[in-house]
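Shown next, in C-alpha cells, is the structure this report addresses.
The values are calculated or read from the model by the stated rules, or taken from the named source; none is laboratory data. In this text, all values refer to a predicted model and were calculated from it rather than measured experimentally. Ideal geometry is used to build each Cβ from the backbone, glycine not excepted, and the neighbour counts take in all protein chains shown.
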Amino acid sequence: MNYQQAIEFLYHQYPAFERQGGMAYKPGLDNVSALSEAFGNPHSKFKAIHIAGTNGKGSSSNLIAAVLQKAGYKTGLYTSPHIHDFTERIRVNGESIPPEIVTNFVERHNDVFKNFHPSFFEITTILAFYWFALQEVDIAVIETGMGGRLDATNIIHPEVSLITNISFDHTQYLGNTLQEITLEKAGIIKEHVPVVISEFQEEIFPVFETIANQRNSSLIKAFDTYLLQEIRFENEYSITDWKKDDGTSLKELYCGLAGTYQQKNIPAVLTALETLKQIGWTIPDSAIYEGFKDVVHLTGFKGRWQVLGYNPLVICDAAHNIAGISYSVAQLQGMNKTIHIIIGMVKDKEISKVLTLLPKEAFFYFCEAASSRALPAEILCEQAVGIGLNGIVIKDVNEALKVARERATADDVIWVGGSLYVLGELTVV
C-alpha cells in the first residue's frame, strides 16, 4: 500500500465528513476512548491546549503554536480540514507528518480499526495523538473538528481551553439556536481547567458562566483582558496595538494573518498564552512578536486572508459561513476598490443567507470544486442572480482566476473563497 492508497482507504473504508457530509458525523466519546486505549492512550503522554468555536479556531490554533515554537517548545498542531494534502492536519514544529508514517499506520492497524468501526475523524485524531507521543512533543495545540462535547478530540485533558466566536454552522448536528450550539462547544470545558472566551456574545455568555461554574473552571474573559487601541495594515501584515487590563501595553504587534477578523482572535490567543505563563510555561514577549509575525512560515498555515498576488491584488480566504463571510466582505468593501469575487460553496451551507451578505457592486465568477459535496456552479449562479448579483459561471477555480485577472485592472481586488475545497484546487496557494 502506498500513501495515496492509504488515504483513499481511509476516505472510502470509513465515513469521512469531507466526502460524505452528515452521513459521516459520529458523535460520542465511547468509541474513540476505546480506540485510544487500544493504542496505549497516546493523548496522556503530552500536554495540550484545546480550542473550539465556529470561526477563528484555526487561526487561534496556528498563532498559539507559532508562539510556542518560538518559545522553544516542541509543538504539535492538529487542525482540520486540510487545503491540499491530508498531512497538513498533523504537524510538529510546522512540519507535516511524513506520508510514510500515515501509510504505515493504516497498514499496521487495519485489524484494530475493524474492531471499532471508527469514523475517518476518529482515526485521524488517534493518528495525530500517536504521532505527537512518538515525537515526544512538549505541548500540542488541538482544534476540535465539529462541536466540542462529543468531538473525538475531547478525550484530552488540556492545560487551558479556548473557545472562539460562536455562530450558526453545522446546525443540523449542533443545534438550531446559538444556545444549543454553545452548549456543544462549551463541552470542552474541563474540571479545574481554565477556559478563555474570546468574544462577549450577550445571549450565550451565561452558558459559558454556568458550565464553567459547574466544573470549577476559571472563566477568563479575553475581551476584557486585551483592548484594541489601533489597527493598520502593511503589505501582508496587520499591525495592532493593545492595552491590557493591568495597564500595560503591547504595541506594534505584526500579525502574518492580515484579516480584520483576527482582531477578534488575538485577545484570546494572548490571554491563553498569559494563562500558560501563569501556570509555569516560559513564553517571552519576543516569542509572541516573532510567532505572530512569522506564523505562516512557522506553521504552514494558509488560506486566511492570504495574499496571492498584486496588480491586481488577489486574496484567498477560507471564510465560508455567515460570520466569516461578513468579516471578509466588510474588509473588501473598506478597500474602496473594484471587487471581483470567485466563489464556490458546498451544498450543506446556508447558501441563500451567505449570498445576501455579498457585495452587489462586485462581479462574480461562480465555480465548483471537484467534490461530491460541492454545490453545482450553475445553481449557485442562479440563486445569486436571483437576488441581484451579477456574474458568470466558470467551474474551474484556476480558469476563473485567470479570467478575473484578465478583466481586472491593476487597482482592482480579486477575492477567492466560499469553500476550503475551492482553495484546495487553487494551484497558486
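Only one of the listed residues (F200, F223) is within 25 Å of the chain's Cα centre (by Cα), in a loop (DSSP other than H, G, I, E, B), in the same structural domain as N165 (by TED's automatic domain parsing) and within 28 Å of D317 (Cα to Cα). That residue is F200. Under the condition of being surrounded by 20 or more Cβ atoms within 10 Å (Cβ to Cβ) and either among the acidic types (D, E) or not assigned by TED's automatic domain parsing to the domain that holds G28 (or both), the residues counted in region 108-159 number 3. Restricted to region 234-251, and to residues that are touching a residue at least 24 places away in the same chain (Cβ under 8 Å) and surrounded by fewer than 16 Cβ atoms within 10 Å (Cβ to Cβ), which residue is farthest from G56 (Cα to Cα)? Here the residue is N235. The residue that is nearest to Y261 (Cα to Cα), counting only those in region 38-94 that are in a loop (DSSP other than H, G, I, E, B) and hydrophobic (A, V, I, L, M, F, W, C), is I83. Assess whether A370 counts as being touching a helix residue (DSSP H, G or I) at 6+ places or on another chain (Cβ under 9 Å) and surrounded by fewer than 16 Cβ atoms within 10 Å (Cβ to Cβ). Considered against the rule, which asks whether it is touching a helix residue (DSSP H, G or I) at 6+ places or on another chain (Cβ under 9 Å) and surrounded by fewer than 16 Cβ atoms within 10 Å (Cβ to Cβ), A370 comes out as yes. Residues in region 165-184: is at least one of a type in the set (D, E, K, R) and either more than 27 Å from S326 (Cα to Cα) or assigned by TED's automatic domain parsing to the domain that holds G334 (or both)? No, region 165-184 has no match at all. Restricted to region 285-388, the set of helices (runs of 4 or more DSSP H) holding at least 1 residues that are among the polar types (S, T, N, Q) and under 15 Å from V416 (Cβ atoms) comprises 322-333. Taking the criterion of being surrounded by fewer than 24 Cβ atoms within 10 Å (Cβ to Cβ) and either in contact (Cβ under 8 Å) with a residue 60 or more places away in the chain or of a type outside the set (A, V, I, L, M, F, W, C) (or both), the residues of region 187-201 that qualify are G187, K190, E191, H192, P194, E199, Q201.
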